[in-house]
1. Taking a ≥ b ≥ c as the square roots of the Cα gyration tensor eigenvalues, with a/c under 1.5 meaning rounded and otherwise prolate when a/b beats b/c, else oblate, which class fits the range 56-142?
2. Kirkwood hydrodynamic radius for the range 138-183: how many Å is it when counted over pairs of different Cα atoms?
3. Highest mean first, what order results for 236-242, 261-267, 87-93 on Cβ atoms within 10 Å?
4. Going down the table (Lys161/Lys235; Lys87/Lys161; Lys82/Lys281; Lys84/Lys180; Lys97/Lys180; Lys84/Lys269), which pairs top 23 Å between alpha carbons?
5. Listing Asp253, Asp66 from the residue with the fewest other Cβ atoms within 10 Å to the one with the most, what is the order?
6. With a point put 7 Å past each Cα toward its Cβ, work out how far Thr174 is from Leu222 in nm, to one decimal.
7. For the pair Val344 and Leu309, how long in nm is the line joining their label points, each one 7 Å along Cα→Cβ?
8. Just subtract the alpha-carbon distance of Asp167 and Lys60 from 0.36 nm times their residue separation and send over the number in nm, one decimal.
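Readers should treat all values here as calculations from the given coordinates under stated rules, not as data from a laboratory. None of these values were measured; they are calculated from a predicted model. Quick reminder, even Gly has a Cβ in these numbers, built from the backbone with ideal geometry, and neighbours come from all protein chains shown.
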Amino acid sequence: MISEQGSGRHLNGALHLHPGVVKNEQGSLHFPRRVRRVRKLAEPTRIRIGSWNVGSLTGKLRELVDVAIRRRVNILCVQETKWKGQKAKEVEDTGFKLWYTGATPGRNGVGILIDRSLKDGVVEVRRQGDRIILIRLVVGDSVLNVISAYAPQVGLSESTKMQFWEDLDSMVSTVPTSEKLFIGGDLNGHVGATNVGFERVHGGFGYGSRSQEGEDVLNFALAYDLLIANTVFKKRESHLVTFRSGQHSSQIDFILTRREDRRDCLDCKVIPGECVVPQHKLVVADFRLRVRIHRDKCTKIARTKWWKLRGEAAQAFKERMLGEGPWEEGEDADDMWLKMATCVRKVAS
């Protein structure tokens, strides 16, 4: 393993369900101060994560980035890049950056593309052979771990398949449970249309018949309590099928996330209309993150509570001002004002 540090609706009919929400005379909604403060400090951020087996990156990188920009994909996991090396590459004039790993030219290889809004948050990159790469990045006060994975094809040996799942297991096991985890990959298995036996991780809206390789995917998801996002939302066939070749169609590319983040997964679907890659289809999932806004308390401006200046407090304030006032008659007006303001702040503090 190689590590590199580095939507509105009408609320009128439902107001009785929210006693903390009231209307003013103009008909606009008012929230209690505490609710307004929470809404202000925790801004929702929408992130789209994609996964795509690209067949090869050679001659396609710029086109892939153009698709990512057009489809508003922030993070794109790519498989079968067929590039050798363990490097990072800026995609010129796009703001995207690619991290990739590969052992043999023209074979396997995976990578992760990240857009300009998130790439500077990358704090760690780990690579496992030529089939797995993990990027750890910070978004607000959330830590995201994104993995791009490429499982062995059906015709390869059982030992090769087992090695892949062991490597993926060792990678995922290092991710703290307090951090978010997303896996985008061509996992070369059919999880099936139904979720019988795997209701915890399969949403019940998959495609096709389950295979042994698909059961391996389900067992892995079960072991780490991951949800297969592709199966959660009811979609038409064209938004489920990730691979087409002639008359053959299947669902073998997936996006997985922690089951506890189910409510933050807004949608997951296949985008079938892109022709950059002829057989595999782009899979995208939309997630909502709550990014807390941190304010530096040291820069907070102190307020003078003039409404408390009455009675004995007012008399004490007057005496201190007369006794400590540093100004003298005949001085420059600006200098006198500055000295007076400074003295007032000092006495009032």
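1. In terms of gyration-tensor shape, oblate.
2. 12.2 Å
3. Result, highest mean Cβ count within 10 Å first: 236-242, 261-267, 87-93.
4. Among Lys161/Lys235; Lys87/Lys161; Lys82/Lys281; Lys84/Lys180; Lys97/Lys180; Lys84/Lys269, the Cα-Cα distance tops 23 Å for Lys161/Lys235; Lys87/Lys161; Lys84/Lys180; Lys84/Lys269.
5. Asp66, Asp253
6. 2.8 nm
7. Roughly 0.6 nm, to one decimal.
8. Extending this stretch completely gives an extra 35.7 nm.
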